[in-house]
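Visitor: Could you have a look at this structure, given as structure tokens, before my questions?
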Amino acid sequence: MTTAVEFLRITDLHAFYGESHILHGVDLSVNRGEVVTLLGRNGAGRTTTLKSILGLVGHRSGSIMINGREAIGLPPHKIAHLGIGYCPEERGIFSSLSCEENLLLPPVVASTGLSVDEIYDMFPNLKERRMSQGTRLSGGEQQMLAVARILRTGAQLLLLDEISEGLAPVIVQALGRTIRMLREKGYTIVMVEQNFRFAAPLADRFYVMEHGRIVEAFSAGEMRSKMGMLHEFLGI
Amino acid sequence: MEIFGVPIQAFLGQLLLGLVNGSFYAMLSLGLAVIFGLLNIINFSHGALYMMGAYVAFLALDLLGLGFWWSLALAPLIVGGFGIIIERLLMRWIYKLDHLYGLLLTFGLALIIEGVYRYFFGVSGQPYPVPDALRGATDLGFMILPNYRAFVVLASLIVCLGTWYVIERTRLGAYLRAGTENPQLVQAFGVNVPLMVTLTFGFGVALAAIGGVLAAPVIQINPLMGSNIIIVVFAVVVIGGMGSILGSILTGLGLGVIEGLAKVYYAEASSTVVFVIMAIVLMVRPAGLFGKEK
């Protein structure tokens, strides 16, 4: 393994929606090529952490270094161009766009992205249904599309929010294979997952969040010894 | 030859007048639809901006000697630019508030703009000549077709269908449609949504200005010409479905024609027929003919 190069470092991140203070000083870092999973109960601040990285919260303070650049003061459309792809929890497939228009929507942020043909090879269903209205696709196809469209942009850091949620086991397995393949290709991935059994075999490291803070961090190798703590925090 | 007791000449003449009016309805309601879709603002100043377009034509001719074709190019730029300034200075602050605030702001703006024009130009109408190239009429055999009126219908169709094509069939249009649905996510993908909002408002306003220039030779230019038409245009928007692009084009033209035919068959109803249709449509399809239920 080569020496770790830091891709994302978050220091003392506070985030607010209007008057409510959601994140209370989050610290975490992700190295290039790593898959990191944020675990925690609903409302622990995991989705807000992803949204804060993108600047999609009301107000935020602290420091977010992406690929060596400070992003805390940038507007959202500039942050994406630092090389971030975002797959939101609700998938964000646009109903007024066809499947292919959804796929082509996110602007290219770096020249390293997959071509449309490569993406269709990976997700043949999307090719078949490329003329369908985005929201006419099945839940699984929509999730594939939501992931596929950020692979086209050349983003190297993927923020994936609950991609396994509400999907049939066979689709979840396919998504797992996709994540593994992306890791082999060198993508850096931050996942928010409720489904621990999905995330456990995929991630290199885990952070556990509670009440807007990171309360625990451990690597995949330490997982066995942390199961007691995870039961306590996540009820799994 | 007669159609339901009306000579065909009169029938076709009113049909064409209806299409001309419908062209203005279509262009104005299209601008409103585009603006409402992305900005969520019901732009009550749209009529005043249409009036400003007509005055650009009048002043360009009166002060600078620039004719119709110059105005057709200049008015959208000047009035659209004015719209962009308004968006940057005023509208920016109210996007997160209730629709009502946008409505009040733009209604106030309309009153101010109209007040300023009344101060300078009074309320009497100013004539504007039909451009030389489009003077006269063509005898089609079954009717005499005034060239300028035919041009208005054609120009409006080109502008409207061009707009429809850009929005529904191009990448830029995909940004616009996606931004209408979920602006936050589009911005997270790296699209400069605030800039897109500003330009969209400028574009919607430019459509109104083009409408104003096209209207200048067929109506009397006066500061209240916008208020007269905008009420009907809002009815068109409601009937077509708020924010629907194709809906506003088809409904605009359709209602212009219905209004025109009402003048032939039952003139007393011609000024109310649009609102009767609006009431019926709202009862049957509350989201409008082309609108999506939310």
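All of the numbers you see were taken from the coordinates with simple rules; none came from a lab. Quick caveat, the model's predicted, so the values are computed rather than measured. All Cβ positions, even for glycine, are placed from backbone atoms using ideal geometry, and neighbour counts span all protein chains on display.
Visitor: Checking the conditions here, which among A:166, A:154, A:113, A:176 is of a type outside the set (Lys, Arg) and over 25 Å from residue A:32 (Cα atoms)? Before you say what the answer is, go through the steps one by one.
Guide: Details: A:154 fails: over 25 Å from residue A:32 (Cα atoms); A:113 fails: over 25 Å from residue A:32 (Cα atoms); A:176 fails: over 25 Å from residue A:32 (Cα atoms).
Step by step, each of A:166, A:154, A:113, A:176 is checked, and only A:166 is of a type outside the set (Lys, Arg) and over 25 Å from residue A:32 (Cα atoms).
Visitor: Let me ask something else about it. Mind counting the residues in the stretch A:144-175 that are touching a Cys at 6+ places or on another chain (Cβ under 8 Å) and in a helix (DSSP H, G or I)? Outline the logic, then answer.
Guide: Filtering the stretch A:144-175 for residues touching a Cys at 6+ places or on another chain (Cβ under 8 Å) gives A:145-147, A:150, A:158-161, A:163.
Adding the requirement that they be in a helix (DSSP H, G or I) leaves A:145-147, A:150.
Residues that pass the stated criteria total 4.
Visitor: For the stretch B:63-102, which residues satisfy the criterion of being among the small types (Gly, Ala, Ser) and touching a residue at least 24 places away in the same chain (Cβ under 8 Å)? Even if it seems obvious, please write down each step before you answer.
Guide: Taking the stretch B:63-102 and keeping what is among the small types (Gly, Ala, Ser), we get B:65, B:67, B:71, B:73, B:75, B:80-81, B:83, B:102.
Within the stretch B:63-102, B:67, B:71, B:75, B:80, B:81, B:83, B:102 qualify.
Visitor: Given the condition closer than 29 Å to residue A:103 by Cα, at the interface with chain A (Cβ under 10 Å from one of its Cβ atoms) and surrounded by fewer than 17 Cβ atoms within 10 Å (Cβ to Cβ), answer yes or no: does some residue in the stretch B:183-193 qualify?
Guide: yes
Visitor: Could you grab me the full set of residues in the stretch B:158-180 that are surrounded by 17 or more Cβ atoms within 10 Å (Cβ to Cβ) and not hydrophobic (A, V, I, L, M, F, W, C)?
Guide: B:163, B:173, B:175, B:177, B:179, B:180
Visitor: Which residue, of B:219, B:230, is surrounded by 22 or more Cβ atoms within 10 Å (Cβ to Cβ), under 22 Å from residue B:45 (Cβ atoms) and either in contact (Cβ under 8 Å) with a residue 60 or more places away in the chain or more than 10 Å from every other protein chain (Cβ to nearest Cβ) (or both)? If you could, list the steps in order and put the result at the bottom.
Guide: Working: B:219 fails: surrounded by 22 or more Cβ atoms within 10 Å (Cβ to Cβ).
None of the other options fit; the residue is B:230.
Visitor: Also: Between A:164, A:138, A:132, which is over 22 Å from residue A:202 (Cα atoms) and either in contact with a helix residue (DSSP H, G or I) (Cβ under 8 Å, 6 or more places away or on another chain) or of a type in the set (Lys, Arg) (or both)?
Guide: On the way: A:164 fails: over 22 Å from residue A:202 (Cα atoms); A:138 fails: either in contact with a helix residue (DSSP H, G or I) (Cβ under 8 Å, 6 or more places away or on another chain) or of a type in the set (Lys, Arg) (or both).
Matching residue, one of A:164, A:138, A:132: A:132.
Visitor: For the stretch A:18-28, indicate whether the set of residues that are surrounded by fewer than 20 Cβ atoms within 10 Å (Cβ to Cβ) and either of a type in the set (Val, Ile, Thr) or within 10 Å of chain B (Cβ to nearest Cβ) (or both) is non-empty.
Guide: Residues of the stretch A:18-28 that are surrounded by fewer than 20 Cβ atoms within 10 Å (Cβ to Cβ), as a first pass: A:18-21, A:24-25, A:27-28.
Still in the list and also either of a type in the set (Val, Ile, Thr) or within 10 Å of chain B (Cβ to nearest Cβ) (or both): none.
No; the residues of the stretch A:18-28 include none that is surrounded by fewer than 20 Cβ atoms within 10 Å (Cβ to Cβ) and either of a type in the set (Val, Ile, Thr) or within 10 Å of chain B (Cβ to nearest Cβ) (or both).
Visitor: Only residues that are outside any loop (DSSP other than H, G, I, E, B) and surrounded by 13 or more Cβ atoms within 10 Å (Cβ to Cβ): list them for the stretch B:280-294, please.
Guide: The answer is B:281, B:282.
Visitor: For residue A:117, work out the one condition from (1) part of a loop (DSSP other than H, G, I, E, B); (2) over 21 Å from residue A:79 (Cα atoms) it doesn't fulfil.
Guide: (1)
Visitor: Okay, next question. What is the one condition in (1) in a helix (DSSP H, G or I); (2) touching a residue at least 12 places away in the same chain (Cβ under 8 Å); (3) touching a Ser or Thr at 6+ places or on another chain (Cβ under 9 Å) that residue B:145 does not satisfy?
Guide: So residue B:145 meets the others, but not (1).
Visitor: Next question. Of the residues B:116, B:123, which is more than 28 Å from residue B:153 (Cα to Cα) and of a type in the set (Val, Ile, Thr)?
Guide: Details: B:123 fails: more than 28 Å from residue B:153 (Cα to Cα).
Being more than 28 Å from residue B:153 (Cα to Cα) and of a type in the set (Val, Ile, Thr) holds for just one of B:116, B:123, which is B:116.
Visitor: Hey, does the stretch B:133-155 have a residue that's more than 14 Å from chain A (Cβ to nearest Cβ) and in contact with a Phe, Trp or Tyr (Cβ under 6 Å, 6 or more places away or on another chain)?
Guide: Start the filter on the stretch B:133-155 by keeping residues that are more than 14 Å from chain A (Cβ to nearest Cβ), which leaves B:133-155.
Pick out the ones that are also in contact with a Phe, Trp or Tyr (Cβ under 6 Å, 6 or more places away or on another chain) and you get B:134.
Within the stretch B:133-155, one or more residues are more than 14 Å from chain A (Cβ to nearest Cβ) and in contact with a Phe, Trp or Tyr (Cβ under 6 Å, 6 or more places away or on another chain).
Visitor: Also: Kindly list, by first and then second residue, each pair from a residue in the stretch B:256-270 that is closer than 15 Å to residue B:21 by Cβ to a residue that is surrounded by fewer than 15 Cβ atoms within 10 Å (Cβ to Cβ) and polar (S, T, N, Q), limited to pairs with Cβ atoms under 9 Å and residues at least 6 apart or on different chains.
Guide: B:259/B:271; B:262/B:271; B:262/B:272
Visitor: Answer yes or no as to whether residue B:71 is within 30 Å of residue B:292 (Cβ to Cβ) and among the small types (Gly, Ala, Ser). Break it down into steps so the answer makes sense when it comes.
Guide: Values: within 30 Å of residue B:292 (Cβ to Cβ): no; among the small types (Gly, Ala, Ser): yes.
No: the conditions fail for residue B:71.
Visitor: Let me confirm something: among A:206, A:233, A:218, A:196, which residue is in contact (Cβ under 8 Å) with a residue 40 or more places away in the chain and in contact with a Phe, Trp or Tyr (Cβ under 7 Å, 6 or more places away or on another chain)?
Guide: A:206
Visitor: Same structure, new question: Would you please list the contacts, defined by Cβ atoms under 8 Å and residues six or more apart or on different chains, that run from a residue in the stretch B:164-175 that is within 11 Å of another protein chain (Cβ to nearest Cβ) to a residue that is of a type in the set (Gly, Ala, Ser)?
Guide: B:167/B:173
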